Every structure is written in structure tokens, then in C-alpha cells.
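Reading through the C-alpha cells given below for one structure.
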Amino acid sequence: MYVYVFLFCLIQGFTEFLPVSSQAHLIIFNNFFALEQENLSIRELNIIAHFGSLLAIIIYYHKQCVRLILSFRHFFQSYLDQNTVLLKNLIYSSIPIFIIGYLIADFISEDIFKSIKLIGWVTLIFGILLYFVDRSCLRIKNLGNISANTALIIGIVQCFAIIPGFSRSGAILTIMRLLGYSRDSSVNYSNLLSIPAISGAMGYLLIQDTMTFNIENTINTTSLVVLIASFIFSLIFIHFLVIWVRKSSLSIFMWYRIIFGLIILIYSYIDLINIGW
């Protein structure tokens, strides 16, 4: 069982920050393996794993995070500190996902977003879209060029990540590359935006799990393994993405998405044939 838990953490760390959709990978993984053990549900494992990823991104960007926190004192005089402008933009970009995510979670059945075929098609189509946008668009803007309106547009596009297979990181990279931002700036903004996004997702899961989530039962060997492994894997792949985009295009992720999407579609359609469709 610990092998599956370790693999679960690897998938979380590998997919959370890369433009390949962590939600899609974890849904597929959970279809094959039942990870509940030692009084930990799959929801609780998700919370702990995401907490590990959250710690990783905060530590990786700790200097920037400190600058953003300190810049809050100029919140109503943002012209005094460029970091305050970035802080405001991160807030603007986060508002849509909090609102739309809440509405989607409360009013749309989760079964709609667990369709294997949906995950396959979305993974495939939007992976190709990311490739063409990345290759075709200009790359002249940086984080200092983001306006409040642009930040809001990025936040609205980020909401598509609610659909498994779309990828939060992929959505942000696609719209920012389309708007002319460099790969490096796009990745850094996406990574910084993951802090409120992951925090919001964890908060929602905790609220939904209030009746069953027990701190005493949750603190055990398994939870510690999940936390540490998710943290380490997330840290590794955050660094990989940041270094990769400084030297190369995003095409490697497009090819990964195409292969992953095709495998999912082949599996889903063969499964339909086997049950008589």
C-alpha cells in the first residue's frame, strides 16, 4: 500500500505545477487504486498532499513571498512599490476561481467532471492549443507589464482548470503567452498564483470534510509520508519547470499531453466497446 501512496505523491508533485493537469492524473489514478488506509480517506490524502505542494511553492519562492507580504503596507499606494502592484494582480487573478469554483462545486454534479472520455479529449485538445500559442505568440512582456484588467482576464481563464485535463498551470501559460508574456514570466506568475489557488482548494476540502476530518486520526505515519513525499516531489518539479522554460519551449508538455490523452481515450472507448456500446 505504501508503494501506491508514494506513487500518489509522485503524481501530485509531478503534475501540480506542470501544465499537464494534476486533477486529471489523480482522478485516473484513483480509478485504479484505493488508497484509504489508517483512517485516512482519499479526500484527506488529497488535503495533505496539497499541503506538501503548498509548502514547496512557498519555500521555493520564499524571497518573493516575503517581498509581497511586506509590500502590503503600500496596498493603497501601490505606486510606491512594484511588489504591491504584483500583489494586487495576484488577488485580482484569484477572485474568479474562488467565486466560480464555489458555484461549480455547489451546483454541478461531480460525476460530470469524472468522465474519463472528457479528461482524455480536454487533455489532448488543450495540449495542442498550448503548443501553437506558445510557438506563435510574441514574448516581450514581463510581470511588470500586467495590468489589473489583464490580471482579471488571467483569473477568468484560470477557472477552466476546474475541468479535469485543462490544467490550471496550462490555462495560465496559454493566456499569458497569447497576450505576449515571456515563458519565464508566465511560469513565475502561474507558480505564484498557485499559492492562493491551492490554499482555496484545501480550505474547501477541509470545510466539506469537517464532519469526518479528525486531526488525531490524521496525524500518523502515512500522513507524514504523504506530506514529505509531496513536498519533495513538488519542489523538484517546480525547479524543473522554472529551469526548463529558460532554455526550451513548452512543446515537451504538449507531446506528453497528446500521449496521455490518447492513452485515456483508447482505454475509455475500449471499455465502452467491452460493455456493449
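The values are calculated or read from the model by the stated rules, or taken from the named source; none is laboratory data. Model, not experiment: these values are computed from the prediction. Cβ coordinates were reconstructed from backbone atoms using ideal geometry, including for glycine residues, and neighbour counts include every protein chain displayed. These area figures cover heavy atoms from the full protein model, side chains too; ligands, DNA and RNA do not enter into them. Shrake-Rupley method; radii C 1.70, N 1.55, O 1.52, S 1.80 Å.
Given 0.36 nm per residue, what is the gain on full extension from residue 247 to residue 156 after removing their alpha carbon distance, in nm?
On the way: separation 91, 0.36 × 91 = 32.76 nm, distance 2.88 nm.
Net length gain for the segment: 29.9 nm.
So if R0 is 41 Å, what FRET efficiency would residue 74 and residue 228 give, r being the distance between their Cβ atoms, rounded to the nearest 0.05? Display every interim value, and only then the final one.
Values: r = 37 Å, r/R0 = 0.90.
Taking R0 as 41 Å, the efficiency between residue 74 and residue 228 is 0.65.
Between residue 82 and residue 236, what is the label-point separation in nm under the 7 Å Cα-to-beta-carbon projection?
Once both label points are built, they end up 3.5 nm from each other.
Once the mean 1/r over all distinct Cα pairs of the chain is inverted, what Kirkwood radius in angstroms do you read off? Walk me through the numbers on the way to the answer.
Numbers: mean 1/r = 0.0515 Å⁻¹.
Every distinct Cα pair counted, the radius reaches 19.4 Å.
Carbon and sulfur together cover what percent of the accessible area of the chain at a 1.4 Å probe radius? Numbers along the way, then the final one.
Numbers: 9680 of 13830 Å².
Within the chain, the accessible surface is 70 percent carbon and sulfur.
Please turn the phi angles of the stretch 66-80 into ³J(HN,Hα) values with the Karplus equation 6.51 cos²θ - 1.76 cosθ + 1.60 (θ = phi - 60°), one per residue in order, whole Hz, x for glycine and proline.
5, 4, 5, 5, 5, 6, 4, 5, 9, 4, 9, 9, 4, 5, 7
Could you rank the peptides 8-16, 195-203 by their average count of other C-beta atoms within 10 Å per residue, with the highest value first?
Working: 8-16: 22.9, 195-203: 18.0.
Averaged packing, sorted descending, gives the order 8-16, 195-203.
Go through 81, 184 and list them by solvent-accessible area, largest first, probe radius 1.4 Å.
On the way: 81 35, 184 60 Å².
Highest to lowest solvent-accessible surface, that is 184, 81.
For a quick check: with amide H placed at 1.01 Å from N, whose amide H comes under 5 Å from residue 181's, ignoring anything fewer than 5 positions away on the same chain?
141
When only Cα pairs under 8 Å and 6 or more residues apart are kept, what is the percent relative contact order across the chain?
Details: 368 pairs, mean separation 101.2, N = 277.
About 37 percent, as a whole number.
At q = 0.12, 0.14, 0.24 Å⁻¹, what base-10 log of I(q)/I(0) does the Debye formula yield for the stretch 127-197 when every alpha carbon is treated as an equal point scatterer in vacuo?
For the stretch 127-197, the Cα-only Debye profile gives -0.26, -0.36, -1.10.
Counting pairs of alpha carbon atoms under 8 Å apart in space and at least six apart in sequence, what relative contact order in percent does the stretch 131-213 give?
Details: 69 pairs, mean separation 27.7, N = 83.
Relative contact order for the stretch 131-213 comes out at 33 percent.
Give me the extension gain from residue 267 to residue 98: residue separation times 0.36 nm, minus the current Cα-Cα distance, reported in nm with one decimal. List each step's numbers first, then the result.
Numbers: separation 169, 0.36 × 169 = 60.84 nm, distance 3.34 nm.
So the chain would gain 57.5 nm between residue 267 and residue 98.
Which order do 247, 117 take by accessible area at a 1.4 Å probe, largest first?
Working: 247 170, 117 70 Å².
Largest accessible area first, the list is 247, 117.
Would you kindly derive the ³J(HN,Hα) couplings of the stretch 193-199 from the backbone phi angles with the Karplus curve 6.51 cos²θ - 1.76 cosθ + 1.60 (θ = phi - 60°), listing them in order in whole Hz, with x for Gly and Pro?
Residue by residue, the stretch 193-199 yields 5, 5, 5, x, 5, 5, 4 Hz.
Sort 266, 58 from largest to smallest accessible area, using a 1.4 Å probe on the heavy atoms of the protein chains.
Details: 266 105, 58 65 Å².
Reading off the accessible areas and sorting them downward yields 266, 58.
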